[in-house]
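*Asks:* Questions regarding the structure given below will be posed in turn.
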Amino acid sequence: MLMEMYKFNKKRKGYTLIEFNVVLVGMILILSMFFAPRYIKVNLTEFYYLKRLKYDLIYAQNYSMRKNDKVFIYFNINDGSYNLRNSPLSKPILSRQGSNKINITNITTTNPISYSSSGAINQAGKIEFNISGRKSTIVLYIGSGRSNVET
């Protein structure tokens, strides 16, 4: 009787649960290899752009205190590029290129943002970005020149 339970049944139709799981895992691995690089690239683009902008804001604050001069940050709303200048007509101190995936959707502070010679920002506010379909915000705090990235 025990032997009859373990005999292979040739009339069996369908697949066992183990066979189904092996095929399912194989399909998931193939699909993840196809879709993962695109997802990672989008997240890295956003991550590095916002991180670089935050560090550039700190650099602008430090530059204004070190040189004892005002620093202006001009944003291009269409592609997210920006540059740091001492005055509207001066040569850029720092210039960063944007991308067609980066759009500034809203600025609630003045454009350009400026730091005084003491390192204080001229007006508090926030800059909202749309980067590859994801919304992110940089909040600028008055008085201290600090900024915060919210995604």
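*Asks:* If TYR39 passes every condition in (1) at pLDDT below 90; (2) within 17 Å of ILE138 (Cα to Cα) but one, which one does it miss?
*Replies:* It fails just one condition, (2).
*Asks:* Additional query: Restricting attention to the range 121-133, which residues are surrounded by 14 or more Cβ atoms within 10 Å (Cβ to Cβ) and either within 14 Å of PHE72 (Cβ to Cβ) or in contact with a His (Cβ under 7 Å, 6 or more places away or on another chain) (or both)?
*Replies:* Matches in the range 121-133: ILE121, ASN122.
*Asks:* Any idea which of ILE121, ILE107 is in contact with a strand residue (DSSP E or B) (Cβ under 8 Å, 6 or more places away or on another chain), over 20 Å from SER64 (Cα atoms) and aliphatic (A, V, I, L, M)?
*Replies:* ILE107 is the lone residue from the list that is in contact with a strand residue (DSSP E or B) (Cβ under 8 Å, 6 or more places away or on another chain), over 20 Å from SER64 (Cα atoms) and aliphatic (A, V, I, L, M).
*Asks:* Which numbered condition trips up MET27, out of (1) assigned to a helix (DSSP H, G or I); (2) modelled with pLDDT under 85?
*Replies:* (2)
*Asks:* Looking at the range 100-111, is at least one residue free of Cβ contacts under 8 Å to residues at least 24 places away in the same chain, in contact with an Asp or Glu (Cβ under 9 Å, 6 or more places away or on another chain), under 17 Å from TYR48 (Cα atoms) and part of a loop (DSSP other than H, G, I, E, B)?
*Replies:* Yes - at least one qualifying residue is present in the range 100-111.
*Asks:* Among the residues of the range 54-69, is there at least one that is assigned to a loop (DSSP other than H, G, I, E, B) and surrounded by fewer than 18 Cβ atoms within 10 Å (Cβ to Cβ)?
*Replies:* Yes, the conditions are met somewhere in the range 54-69.
*Asks:* Only one of these is of a type outside the set (Asp, Glu), modelled with pLDDT of 85 or more and surrounded by 13 or more Cβ atoms within 10 Å (Cβ to Cβ): ILE102, ILE77, ILE93. Name it.
*Replies:* It is ILE93.
The values are calculated or read from the model by the stated rules, or taken from the named source; none is laboratory data. This one's a predicted model, so the numbers in the text were calculated from it and none came from an experiment. Note that we place each Cβ from the backbone using ideal geometry, even for glycine, and neighbour counts take in every protein chain shown.
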